[in-house]
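Single-structure report; data block below.
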Amino acid sequence: MIAPPSDILPTGLLIGGEWVHQSSAGTMDHVYSATGQVQKTFPVAGPPEIDAAVAAARRALTEYRRWTPLQRRAVMKRIAALVDDHADEFATIATLECGMIQSVAPGMGPKLSGWLEYCAGWADKLDGAVVPAVPGFNYTRPEPFGVIAVILTWNGPTASIGNKVAPALAAGCTVVLKPPELAPFGSNLFARLCLEAGLPPGVVNVVPGGPDAGDALIRHPGVDKISFTGGPRTARAIQAACAESLTPLVLELGGKSPNLVFADADLERAANAAADGVTRLAGQICVAPSRLFVEHSVYDEVLERVIDRMAAIQVGDPFDPATTMGPLISQGACDRVLGLIEGAQDRGDGKLLIGGERLGGDLAGGFFVTPTAFGDVDNSSPIAQEEVFGPVLSIGRFEDEEEAIALANATPFGLAAYLHTGDLSRVFRVVDRLDAGNVAVNGGTSVNGPYAPFGGFKDSGYGTEGSLDGLKEFVRVKNVNLHVGPA
């Protein structure tokens, strides 16, 4: 196992442009997921630090909302350039904080800078409209929503900064960013670069912490809107808390995405996409195609191809370029995934085809679970309905298009769906009926960066990230009617 250089991991709270290294809530230990060993101790926020950060954001809002769109665009482009300059540092942090492998981690910095560049381009294009109202002169003006509480998840937090913070800054909002306690370090590097680029103190504040910090942030009366990525259970608690203050939300939640493979598809490409999609980042992706449904006539052939592909996955040290799947994020995640696998076996929810074990030997200290697949899975079983967030694939079969669509939609989630077919007319028929916010066809991706809207249906949340629609989540529109003529 390659020794992780933990001295690269920045710690601290950023409040009003000042770094804080001692806080009311004390410290937390960060455990490196590849070894199971404590890697870094970092300070975390309590309610006093949350109060201070929100107050700093409100003070900064007075100045920042008056910046011209050209000023906002310019500072965001400077931040993006600095992110690119530190791309290697962001990559190393991504591996250390969440076990991201080397074929993925180097993309985190460019993803973040891409979001900053894209949103910067919209900063001077958020215009209003003249409304044909009589009498008088009526127009609308877009304004910053205000202070935004951003709560990140741990499975790629650097890229998630781009999803949430970049559009907020372009709209003229200020931000209190709570990084995930399991992966807090990339947010600190980003915040340092914001100050270096000339963003006013208090526009971006960083308050790492656990549930108490999150609860204090979402209930704070100084917060105007919340953007949250996480699970439905936590989202429901947040929504209940926000109901008291009517604080609006953007929720990007979990998924249990169906992947439909018809007999006329490119079966090799479909099988590779199925295996890779559920093992990428060890299955810790909200849009993972974790429910594979195959047309009956080609079920056995696709099953064999998928299992062969999963057997070839190289699980190991995330710093080793040969590794194609790294560890789960924590001991808790490891226990939960193995518990779901064991429960499925005990109930006979499907036939275990490969995997299902925690790795031992040189990897025994880390949180490594083998790529796992169950065949002929009961679609109503927990392994097919609960978001595993691990490298576990449930495989079932269907007889026709109607059954395929019914199986795909039989889930409380609606984040993403995948479709493989050689029939273009079928593409349009099926896509029209899939109950998901994002659909990928024949190897396409369900997450398309800053240019396309991204959001889920049902228990997968509401609101939009990406595109102009995502930026407008941080804008509120004021209508102005000017009386013209005699009194």
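Observations, loosely collected:
- In this structure, the amide hydrogen of R476, modeled 1.01 Å from its nitrogen in the peptide plane, lies closer than 5 angstrom to those of E143, F145, counting only residues at least 5 positions away or on a different chain.
- Listed by chain and number, the lysines placed with their C-alpha closer than 19 angstrom to that of K472 are K125, K164, K225; residues fewer than eight positions away on the same chain are left out.
- Between A52, A74, H86, the Cα set farthest toward the positive side of the dipole of segment 47-90 (charges on each charged residue's Cβ, about the Cα centre) is that of A74.
- Alpha-carbon centroids, segment 334-373 and segment 232-288: separation in whole Å: 20 Å
- Helix 157-170 and the long axis of the chain differ in direction by around 30°, with both axes built from C-alpha atoms.
- Applying the Karplus relation 6.51 cos²θ - 1.76 cosθ + 1.60 with θ = phi - 60° to segment 187-202 yields 3J(HN,Hα) values of 5, 5, 5, 4, 4, 4, 5, 4, 5, 4, 7, x, 5, x, x, x Hz, where x marks Gly and Pro.
- The gain in end-to-end length when the D335 to N448 segment is fully stretched comes to 37.5 nm, 0.36 nm per residue minus the alpha carbon separation.
- Each part gets one Cα centre, and for segment 46-109 versus segment 1-41 those centres are 17 Å apart.
- Each peptide among 346-355, 229-238, 280-289 gets the average number of other Cβ atoms lying within 10 Å of its residues, and from highest to lowest they stand as 280-289, 229-238, 346-355.
- Summarising the strand pairing of the chain, around 45 percent of its internal DSSP beta bridges are antiparallel.
- Sequence-ordered 3J(HN,Hα) estimates for segment 14-26 from the Karplus curve with 6.51, -1.76 and 1.60 and θ = phi - 60° stand at 10, 10, x, x, 10, 7, 10, 10, 10, 9, 5, 8, x Hz, glycine and proline given as x.
- Only aspartates and glutamates eight or more places from K77 in sequence, or on another chain, were considered; those with a Cα closer than 16 Å are D85, E117, D124, E196.
- Computed [θ] at 222 nm, deg cm²/dmol, the chain (DSSP H ≥ 4; -39,500 (n - 2.57); rounded to nearest 500): -11500 deg cm²/dmol
- The phi-based Karplus calculation (6.51 cos²θ - 1.76 cosθ + 1.60; θ = phi - 60°) puts the 3J(HN,Hα) values of segment 471-485 at 5, 5, 4, 10, 10, 10, 10, 10, 9, 10, 10, 9, 6, 10, x Hz, whole numbers, x for Gly and Pro.
- The angle between the Cα long axis of helix 69-85 and the longest principal axis of the Cα atoms of the chain comes to about 40 degrees, rounded to the nearest 10.
- Peptides 393-406, 145-158 ordered by packing proxy, namely the average of other Cβ atoms within 10 Å per residue, highest first: 145-158, 393-406.
- Taking a straight line from the alpha carbon of K458, these lysines sit under 20 Å away, with near neighbours fewer than eight places off in the same chain left out: K256.
- Close amide H contacts of S381 (hydrogens built in the peptide plane, cut-off under 5 Å, sequence separation of 5 or more or a different chain): none are found.
- Lys, Arg +1 and Asp, Glu -1 on Cβ, resulting dipole of the chain about Cα centre, debye, nearest 20: 2040 debye
- Sites matching trypsin sites (Lys or Arg not before Pro) across segment 121-208 that sit in DSSP coil, with at most 11 neighbouring C-beta atoms within 10 Å: K125
- Comparing S113, L199, S394 along the charge dipole axis of the chain, the residue lying farthest to the positive side is L199, per the Cβ-charge model.
- Dipole magnitude of segment 361-471, debye to nearest 20 (Cβ charges: Lys/Arg +1, Asp/Glu -1, about Cα centre): 260 debye
- Taking amide H positions as modeled 1.01 Å from N, with prolines and chain starts lacking one, no residue 5 or more places away or on another chain lies under 5 Å from V388.
We did not get these values from a lab; they are worked out from the coordinates using the rules stated. Owing to the predicted nature of the structure, the values given are computational and were not obtained by experimental measurement. No Cβ is skipped: glycine too gets one built from the backbone with ideal geometry, and neighbour counts run over all protein chains shown.
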